[in-house]
Amino acid sequence: MPAVSIEFDDVGLTFAPSSATPTVALEAVTCAFEPGEVTALIGPSGCGKSTLLQITRGFLDPTQGRLRFTALGAGNAIARPAMSTVWQAFNLFPWLTVFENVAFGLDLAGVPHAERDMRARRAIAAVDLTGFESRYPRQLSGGMRQRVGLARALVMEPEVLLLDEPFGALDAQTRLVLQEQLARLVETSGTTAILVTHSIEEAILLADTILVMTARPGRIAATIAVALPRPRSMATTRDPGFATLFDRIYGLLRDEVMRAMMSGEGQSQ
Amino acid sequence: MSVSPLPGDAAPPRAKTTYSPLDDPRVLGWGSIILVLIVWEVAARLFGVSALYLPRPSQIVVALVTLFGSGGLVVDLGATLWRIFAGFAIALVCGTLLGLWIATSFRARAVADMFIAALYPLPKITLIPLLIIWLGTGGPFMLAISFLGAIFPIVINTVLGVSQCDPGLVLAARDLGATPQQIMRRVLLPSAIPSIFAGVRLGLGVSIILVVAAEMVVGKVGLGARLYLAGQILETEQVFAVLIVLAVLGIIVTKLQDAVDAVLGNWRVD
């Protein structure tokens with residue numbers, strides 16, 4: 001499975017363009033998501049990070065510009081690759097067990113039972129949930145639920161993994177553990193990943209590249225490469241390089257967040 | 001200085017240390033029924049109430065045994081149960097499918113809203129004369145009346161349940177490659193099941209009422225017919241016997257629904 005890159009070429013999205021009050025969610029976004037790398041999108045609330053993710057996934061169509069998917073080494077554009085999303089609200093099916101949740105996508109695709117069970121069990125083991133297969137989501141802690149969400153996405157062997165503020169609903173300690181676990185999983189899977197986050201720290205720990213977005217209408221304000229050595233962990237936060245990056249991104253974000261707050265857009269999401 | 005317990009305290013403090021049978025809801029429930037029966041029996045004997053007005057529980061038991069043994073009450077019960085559950089089963093299948101369709105199609109919803117608004121508040125019992133004109137008084141009539149009793153609450157609750165499905169779950173299913181049909185069958189329907197079941201509870205109750213009422217009007221067999229006939233010939237013990245069978249039927253249906261609810265509650269979000 002060759003790694004896939006995604007290019008946004010002058011992509012914009014305007015909701016209700018012909019109405020009296022059109023909302024410009026994204027404007028002239030040109031950026032690239034490199035194959036096999038983790039790219040973090042960071043920006044003030046309501047800047048269109050999640051919209052950009054939905055466009056990538058194909059759930060929203062841009063009103064301007066276009067996307068290009070390329071398989072590494074192939075050169076030509078390809079159709080939309082296999083993608084899976086990990087959601088901030090987990091979005092697990094409450095009437096299904098952990099195992100059934102993880103096997104859900106394979107089941108829909110008609111994967112033979114033996115293979116389905118084997119892959120689901122392997123994905124559950126990868127997120128350290130072996131032994132919890134027959135539990136229901138409500139019987140799990142928030143961190144465990146999101147690990148199920150992660151297993152449910154990874155079991156599909158996506159070429160592109162979309163992470164929509166995956167740790168936004170978790171407490172700080174759980175988030176740290178999951179960030180390290182996710183970093184490990186993504187490093188080994190070779191999938192292209194897009195991480196939407198509010199946390200500068202999370203972006204630096206997980207990403208190879210960080211795209212800083214402006215307040216609405218969302219544009220790319222800066223592209224920052226994270227050259228810190230892997231594997232990264234909490235120890236990385238004490239690296240002097242980490243502090244430099246953090247300050248730089250914070251500087252960029254502060255202006256945008258202030259701008260968003262002044263225009264009242266920060267409350268809209 | 002002694003502190004008086006707050007008014008409305010659930011249980012006296014000593015209940016925590018010593019067990020009293022009066023703390024068991026089942027003992028309280030059954031015990032109070034048995035107590036009422038004993039008082040009834042004793043009072044009826046003491047004051048010499050005529051069995052024409054109020055037969056004693058012992059006389060009713062005798063009537064029950066006789067009716068079940070040789071009086072054909074089994075046939076009546078079977079006929080009534082068949083009429084209730086056959087019509088109800090058709091209503092369950094049709095109502096769920098119809099509800100799914102209405103909840104997911106803008107046009108179907110616009111049309112159905114009008115019909116439901118017009119027909120739902122109509123007391124279904126008023127349809128009995130019209131249904132008799134159309135269908136006669138046989139099996140099809142009984143099926144129709146049971147069906148009509150159950151279908152509205154089931155449709156309405158299915159629509160409600162599907163509309164309240166978390167949109168995040170639909171997105172997650174789409175993300176995992178679900179087709180619109182798969183979303184309907186594997187996300188919208190299961191997420192609506194608790195609500196559908198609330199409709200089943202209401203609908204089955206209405207079906208029971210309507211079938212027994214219809215039997216009283218036109219039936220030759222069935223619990224309602226038996227009840228009406230016994231009343232006509234002043235067989236008060238038989239009237240009570242049929243009422244008891246209906247009450248027991250009600251208890252069994254309610255308890256079965258509670259059991260299904262407990263199973264459904266397994267995954268319900270707290």
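Let me spell it out: the conditions are (1) within 14 Å of chain B (Cβ to nearest Cβ); (2) without any contact (Cβ under 8 Å) to a residue 24 or more places away in the chain; (3) not aliphatic (A, V, I, L, M), and A:GLU115 meets all of them except one. Which number is the exception?
(1)
Yes or no: the range B:149-164 includes at least one residue that is surrounded by fewer than 19 Cβ atoms within 10 Å (Cβ to Cβ), without any contact (Cβ under 8 Å) to a residue 40 or more places away in the chain and within 14 Å of chain A (Cβ to nearest Cβ).
Checked the range B:149-164: at least one residue is surrounded by fewer than 19 Cβ atoms within 10 Å (Cβ to Cβ), without any contact (Cβ under 8 Å) to a residue 40 or more places away in the chain and within 14 Å of chain A (Cβ to nearest Cβ).
Looking only at the range A:126-157, which residues are more than 14 Å from every other protein chain (Cβ to nearest Cβ) and in contact (Cβ under 8 Å) with a residue 12 or more places away in the chain? Even if it seems obvious, please write down each step before you answer.
Restricting attention to the range A:126-157, the residues satisfying the condition of being more than 14 Å from every other protein chain (Cβ to nearest Cβ) are A:126-133, A:143-144, A:147.
Within the range A:126-157, A:ALA126, A:VAL127, A:ASP128, A:LEU129, A:PHE132, A:GLU133, A:GLY143, A:MET144, A:ARG147 qualify.
What number goes with the only condition from (1) within 17 Å of A:ALA3 (Cα to Cα); (2) modelled with pLDDT of 85 or more; (3) more than 12 Å from chain B (Cβ to nearest Cβ) that A:VAL160 does not pass?
It fails just one condition, (3).
Can you report the number of residues in the range A:63-93 which are touching a residue at least 12 places away in the same chain (Cβ under 8 Å) and either aromatic (Phe, Trp, Tyr) or away from every other protein chain (no Cβ under 14 Å) (or both)? Write out each step before concluding.
Step one: list which residues in the range A:63-93 are touching a residue at least 12 places away in the same chain (Cβ under 8 Å), which gives A:63-74, A:78, A:80-93.
From what's left, either aromatic (Phe, Trp, Tyr) or away from every other protein chain (no Cβ under 14 Å) (or both): A:63-74, A:78, A:87, A:90, A:93.
Residues meeting the conditions: 16.
Can you pull out the residues in the range A:40-97 that are of a type in the set (Gly, Ala, Ser) and either within 17 Å of B:VAL170 (Cα to Cα) or outside any loop (DSSP other than H, G, I, E, B) (or both)?
Narrowing the range A:40-97 to residues of a type in the set (Gly, Ala, Ser): A:40, A:43, A:45-46, A:48, A:50, A:58, A:65, A:71, A:73-75, A:77, A:79, A:82, A:84, A:89.
Passing the criteria: A:ALA40, A:SER50, A:GLY58, A:GLY65, A:ALA71, A:ALA77, A:SER84, A:ALA89.
A:PHE104 fails exactly one of the following numbered conditions: (1) closer than 23 Å to A:GLN173 by Cα; (2) within 9 Å of another protein chain (Cβ to nearest Cβ); (3) buried (at least 19 other Cβ atoms within 10 Å of the Cβ); (4) of a type in the set (A, V, I, L, M, F, W, C). What is the number of that condition?
Looking at each condition in turn, A:PHE104 falls short on (1).
Answer yes if at least one residue in the range B:132-144 is surrounded by fewer than 22 Cβ atoms within 10 Å (Cβ to Cβ) and within 14 Å of chain A (Cβ to nearest Cβ), and no otherwise. Write out each step before concluding.
Taking the range B:132-144 and keeping what is surrounded by fewer than 22 Cβ atoms within 10 Å (Cβ to Cβ), we get B:132-141, B:143-144.
Checking the rest, the ones that are also within 14 Å of chain A (Cβ to nearest Cβ) come to none.
No, there is no match, as no residue in the range B:132-144 is surrounded by fewer than 22 Cβ atoms within 10 Å (Cβ to Cβ) and within 14 Å of chain A (Cβ to nearest Cβ).
Here are some conditions: (1) more than 14 Å from chain B (Cβ to nearest Cβ); (2) in a loop (DSSP other than H, G, I, E, B); (3) surrounded by fewer than 18 Cβ atoms within 10 Å (Cβ to Cβ). A:GLY168 meets all but one. Which one does it not meet?
(1)
Of (1) free of Cβ contacts under 8 Å to residues at least 24 places away in the same chain; (2) away from chain A (no Cβ under 14 Å); (3) closer than 24 Å to B:VAL93 by Cα, B:GLY231 satisfies all except one. Which?
With respect to (1) free of Cβ contacts under 8 Å to residues at least 24 places away in the same chain; (2) away from chain A (no Cβ under 14 Å); (3) closer than 24 Å to B:VAL93 by Cα, B:GLY231 is out only on (3).
Quick one: which residue in B:LEU189, B:LEU204 is within 23 Å of the chain's Cα centre (by Cα) and within 14 Å of chain A (Cβ to nearest Cβ)? Steps first, answer last, please.
Numbers: B:LEU204 fails: within 14 Å of chain A (Cβ to nearest Cβ).
Testing whether each residue is within 23 Å of the chain's Cα centre (by Cα) and within 14 Å of chain A (Cβ to nearest Cβ) leaves just B:LEU189.
So if I check each of A:ALA221, A:ALA260, A:ALA215, which one is more than 21 Å from the chain's Cα centre (by Cα), closer than 25 Å to A:PRO62 by Cβ and surrounded by 14 or more Cβ atoms within 10 Å (Cβ to Cβ)?
Working: A:ALA221 fails: more than 21 Å from the chain's Cα centre (by Cα); A:ALA215 fails: more than 21 Å from the chain's Cα centre (by Cα).
Exactly one of A:ALA221, A:ALA260, A:ALA215 is more than 21 Å from the chain's Cα centre (by Cα), closer than 25 Å to A:PRO62 by Cβ and surrounded by 14 or more Cβ atoms within 10 Å (Cβ to Cβ), namely A:ALA260.
The values are calculated or read from the model by the stated rules, or taken from the named source; none is laboratory data. Note that the structure is predicted; figures quoted are calculated from it, not measured. No Cβ is skipped: glycine too gets one built from the backbone with ideal geometry, and neighbour counts run over all protein chains shown.
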